[in-house]
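Trainee: The structure that follows is given in the form of structure tokens.
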Amino acid sequence: MAQGKSRSRKSSGGRRYGRKASEKVEKAMHERKQGTLKSGRSGKKVTSRKQAIAIGLSQARRAGGKVPRKSSGRGRSRSRSRKSS
């Protein structure tokens, strides 16, 4: 019974990001290295690795790829649920 490498993760989830997402992120990273990646509205050159990944995931989301939802406002939701005495 030899188990593969994919078994080391939790079996309930599967792939978190689809193949299209990884392709878009890879393309965005390549453009960033070449210095041709531009941000959306302002058109400024992107130099940040994190921003390049965000742009790639955003493009994959628009293209209909399997990408998890954006996590928004973790700190805010905790303070709202607190009861006021």
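A short reminder: the numbers here are calculations on the coordinates, not readings from a lab. Bear in mind the structure is a predicted one, so any value in this text is a computation, not a measurement. Don't worry about glycine lacking a Cβ; one is built from the backbone with ideal geometry, like all the others, and counts go over all protein chains shown.
Trainee: Between residue 53 and residue 39, what is 0.36 nm times their sequence separation minus the Cα-Cα distance? Round to one decimal in nm.
Mentor: Full-extension gain reported as 3.9 nm.
Trainee: Moving on. For residue 44, what charge total do you get from the other residues with a beta carbon under 14 Å from its beta carbon, if Lys and Arg give +1 and Asp and Glu give -1?
Mentor: For residues surrounding residue 44, the net value is +3.
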